[in-house]
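The values are calculated or read from the model by the stated rules, or taken from the named source; none is laboratory data. Everything numeric here is computed off the predicted structure, so don't read it as measured data. Glycine also receives a Cβ, built like all others from the backbone with ideal geometry; neighbour counts cover every protein chain displayed.
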Amino acid sequence: MPLIRVEGREHLPRTGAVIIASNHLSFVDSVVIRLAAPRRVMFLAKDEYFVKTGLRGRIMRWFFTAAGSVPVSRGSHRAAQAALDTAREVLAGGNAFGIYPEGTRSLDGKLYRGRTGVAWLALAAGAPVVPVALEGTERLQPVGKRLPRPHRVTVRFGPPLTFTGDPKSPRARRAVTDEVMLAIAGLSGQERADRFAA
């Protein structure tokens, strides 16, 4: 029995710009999505993963570079917009880009309110959004554990969503984000939390 069960892979376009928007349960989620997808998926990664020294630093740098991760700074509004601009460039190249609208991992298994970066990206780039649900990755690599442990996980791709509207409009961004989160919830079956993740 395979450790990764994939459902709905046919929903992910094989070519062209596409945003993969997923729930987020574990550090290993990006690896699992990359293994399940029929094409290369690029994610943003904290720039600190690319600048560590020593053997561990070189291994991390090699891993994130080989996986197609793009380094970004985090922390401020300016850094967040710069990250979205970088993601838009990835999409402009006709690539698949992965994003976690919750902004961080869920520590209690609930699906938290989405942040509107996913909507800005979809509207600004004109790219479809494929909602994705991950199940079991929190047991594959629990928070705080360095190494994965054998556990079966499921990756469920949903039908693509397309949106139009003004990416500068807060109302449009909120509506698009809420629709994406509703689709993820429908795929994952997670209890929803009506607040942002801490």
Handout entry: Residue, nearest to the chain's Cα centre (by Cα), within region 34-86, restricted to residues that are modelled with pLDDT under 80 and of a type in the set (S, T, N, Q)
Key = S73
Handout entry: Sole residue being on the phi > 0 side of the Ramachandran plot and of a type outside the set (S, T, N, Q), chosen from G186, G165
Key = G165
Exercise for the section: Answer yes or no: is there a residue in region 132-143 that is in contact with a Ser or Thr (Cβ under 8 Å, 6 or more places away or on another chain), among the aliphatic types (A, V, I, L, M), in a loop (DSSP other than H, G, I, E, B) and modelled with pLDDT under 95. Expected result: yes
Handout entry: Subset of region 81-102 (residues that are more than 20 Å from F27 (Cα to Cα), in a helix (DSSP H, G or I) and out of contact with any Ser or Thr (no Cβ under 9 Å at 6 or more places or on another chain))
Key = Q81, L84, D85, T86, R88, E89, V90, L91, A92
Fill in the blank from the handout: Here the residues within region 168-198 that are among the basic types (K, R), surrounded by 12 or more Cβ atoms within 10 Å (Cβ to Cβ) and part of a loop (DSSP other than H, G, I, E, B) are none
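Between R56, R105, R146, which is in a helix (DSSP H, G or I) and either in contact with a strand residue (DSSP E or B) (Cβ under 8 Å, 6 or more places away or on another chain) or closer than 19 Å to S30 by Cβ (or both)?
After applying the criteria, what remains is R56.
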Problem - Test result for P159, within 19 Å of P13 (Cβ to Cβ) and out of contact with any Asp or Glu (no Cβ under 9 Å at 6 or more places or on another chain) - result: yes
Exercise for the section: Looking only at region 19-28, decide whether some residue is within 21 Å of A197 (Cβ to Cβ), in contact with a helix residue (DSSP H, G or I) (Cβ under 7 Å, 6 or more places away or on another chain) and modelled with pLDDT under 95. Expected result: yes
Practice task
Please determine, by comparing only the residues of region 149-167 that are among the charged types (D, E, K, R) and outside any strand (DSSP E or B), which one is nearest to the chain's Cα centre (by Cα).
Solution key: R152
